[in-house]
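Here's the structure we're looking at; comments come further down.
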Amino acid sequence: MLEGFADEILVGGRWRPGSGAVVETRSPATGEVLARLRGAGPADVDEAVRAGAAAAADPAWRDVPPHERARYLVRIADLIAERADDLAALQTADTGKSINETRALVASAQGTFRYFAGALETLEDALTPPRGPYLTMSVHEPIGVVGAITPWNSPIASDAQKIAPALAAGNAVVLKPAEWTPLVSLALGRLICDAGLPPGLLSVLAGPGRIVGDAIVRHPGVGKVSFTGGTSTGRTIGAAAAEKIMPVSLELGGKSPTIVFPDADREQALAGLLFGIFSSSGQSCIAGSRVFVHASIYDEVLDELVARAGKLRVGPGTDPATQVAPMVAHAHRDKVAAMVDRAVADGARLRCGGRIPEGGEYAEGAYYLPTILDGVPNGAAICQEEIFGPVLVALPFEDEEDLVAQANDTVYGLACGIWTADYRRAWRVARRIDAGTVWINTYKQFSISTPFGGFKESGLGREKGREGIRAYMRQKSLYWGLDENPLPWAT
Ligand code: NDP
């Protein structure tokens, strides 16, 4: 058990045990229990939403001008920077991720709070052209209480991506982290309280999604839900939101194509492909999980990929040399392993990996070797289903038409990577691929100033960028009459 982790969640400004079931979180590296806490139940959701609504409507928050609201976000960012090492270590313990990656995620969370603090300095409303003797304005207002539901793969970064713009917009937030990984979200909650945010504006409700998440989505006091997670959960949440006529943002799954043309810089492409799929042990919505290689270079690229995948360092997240850390949970590892076994039984060729590594250091952890498969058409289940593990499937293509048809033949549309020296070709292909983000001669790079989100079943709405704040606001039109005479109709 982790030392000093209190059995408390944050409900409407108060730290206390929840009224729901016990949440137990385990180390993916060793299987040991890290923490046990009484999670939230529906009554806690109700209390959190009511407290959030009251805090958001309180003049002490509602009337704070944007540039002063920004000070809270800056303070939060400063505290994240101060506690960065502890936050990264905690996230590595809880998610299994490598320490280098969790440090980067903590830095990203810090940057997100700073970015939205900065954006508040320049947020503007519009005077619109009038069509008569009046002045017309379009203004943006907070929604009230926002529900934020996040997955287990990058908790602190995805929490920040929702909390920062939602607070910046003047809302209260009820956060529901994933059941497998609530610890860093709770630590972030403590830190935000320490930054002096008025009580009630943030709740952190650890607990099962189908109870706590569902209660947040359906609560009449919640005016918007921002969700990151799997597509099937997103569909359920979208349907519940439709019942309430409530806006939702959905950041969902992917099966992103990466493409290698014969003229690509080979070293850059190989490094990018390996990073794109095997970093985070493939547990990334934007993992480049389908690689399309031009038929003329297919065999040589595949041989080299397989050779290099076999040399990646698989080990515990605490070791800075680790490239492929354990997966988030043994149950998830076993699900990934079963998908690979099924693909092989259905005729896929296993080029490397496809098993749990052997040896003492791997005995207790949720490890799985970097795996490459090929020999199946793009219609095969392994090419269509999101695996969310260190599994790459390779496919050859003949020409651009064939490539675009295959790459777009998926229900997803989250990301794409193109490796080529021909910028005209990169432009043509990038514009024809159904994906919210396309990387050209790079992969899995992020900037908080650049909007992110999916096409098709990969999601709805955009996070990040200056418009990211608008996603947490309601637009209102104001007409100011300037005519000294009464309206002619009734005179
Ligand atoms: P899930 O959809 O299972 O869970 C995500 C969150 O939703 C968790 O907090 C979960 O709680 C909660 N939840 C589950 N059921 C409900 C429900 N009925 N109502 C409300 N909330 C619910 O996804 P995973 O945790 O498996 O995360 C992996 C998925 O996330 C992948 O598909 C991945 O592609 C996607 N993802 C997308 C990203 C993007 O930006 N597009 C980024 C990162 C991940 P609990 O944990 O308690 O079940």
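The values are calculated or read from the model by the stated rules, or taken from the named source; none is laboratory data. Worth saying up front: this structure is predicted, and the values here are computed from it rather than measured. For neighbour counting, all protein chains shown are included, and Cβ atoms are generated from backbone atoms with ideal geometry for every residue, glycine included.
A few remarks follow.
- Test result for Phe452, crowded, with 18+ Cβ neighbours inside 10 Å, under 14 Å from Leu414 (Cβ atoms) and not assigned by TED's automatic domain parsing to the domain that holds Ser280: yes
- Here Ala337, Ala325 are screened, and the one residue that is closer than 23 Å to Leu395 by Cα and either in contact with a Pro (Cβ under 7 Å, 6 or more places away or on another chain) or surrounded by 18 or more Cβ atoms within 10 Å (Cβ to Cβ) (or both) is Ala337.
- Each residue in the range 283-332 was checked for being among the aromatic types (Phe, Trp, Tyr) and within 28 Å of the chain's Cα centre (by Cα), and 1 of them qualify.
- Within the range 354-370, the set of residues being within 29 Å of Val33 (Cβ to Cβ) and either surrounded by 15 or more Cβ atoms within 10 Å (Cβ to Cβ) or under 26 Å from the mean Cα position of the chain (by Cα) (or both) comprises Ile356, Pro357, Tyr362, Glu364, Gly365, Ala366, Tyr367, Tyr368, Leu369, Pro370.
- Evaluation of Val293 against (1) surrounded by fewer than 24 Cβ atoms within 10 Å (Cβ to Cβ); (2) closer than 23 Å to Val404 by Cα; (3) in contact with a Pro (Cβ under 9 Å, 6 or more places away or on another chain) (one fails), failing number: (1)
- Filtering the range 399-448 to residues that are polar (S, T, N, Q), outside any helix (DSSP H, G or I) and without any contact (Cβ under 8 Å) to a residue 60 or more places away in the chain leaves Gln445, Ser447.
- Which numbered condition Ser138 fails, given (1) buried (at least 24 other Cβ atoms within 10 Å of the Cβ); (2) more than 9 Å from the ligand (Cβ to nearest atom): (1)
- Residues in the range 99-134 that are of a type in the set (D, E, K, R) and closer than 30 Å to Glu3 by Cα were compared, and the one that is surrounded by the most Cβ atoms within 10 Å (Cβ to Cβ) is Glu101.
- Being at negative phi, in a loop (DSSP other than H, G, I, E, B), touching a residue at least 40 places away in the same chain (Cβ under 8 Å) and within 14 Å of the ligand (Cβ to nearest atom) is a property that Pro199 lacks.
- Of the criteria (1) near the ligand (Cβ under 10 Å from one of its atoms); (2) of a type in the set (Lys, Arg); (3) more than 15 Å from the chain's Cα centre (by Cα), which one Arg190 fails: (1)
- Of everything in the range 245-301 that is under 30 Å from Val145 (Cβ atoms) and assigned to a strand (DSSP E or B), the residue that is nearest to the ligand (Cβ to nearest atom) is Glu251.
- Only one of the listed residues (Ala148, Ala206, Ala178) is closer than 26 Å to Glu386 by Cα, in a strand (DSSP E or B) and in contact (Cβ under 8 Å) with a residue 24 or more places away in the chain. That residue is Ala148.
- Among the residues making up the range 80-98, those that are touching a residue at least 60 places away in the same chain (Cβ under 8 Å) and either buried (at least 21 other Cβ atoms within 10 Å of the Cβ) or outside the structural domain of Ala169 (by TED's automatic domain parsing) (or both) are Ile80, Leu87, Leu90, Gln91, Thr92, Ala93, Asp94, Thr95, Gly96, Lys97, Ser98.
- A single entry from Ile163, Ile149, Ile211, Ile237 fulfils the requirement of being assigned by TED's automatic domain parsing to the domain that holds Ala51 and more than 11 Å from the ligand (Cβ to nearest atom): Ile163.
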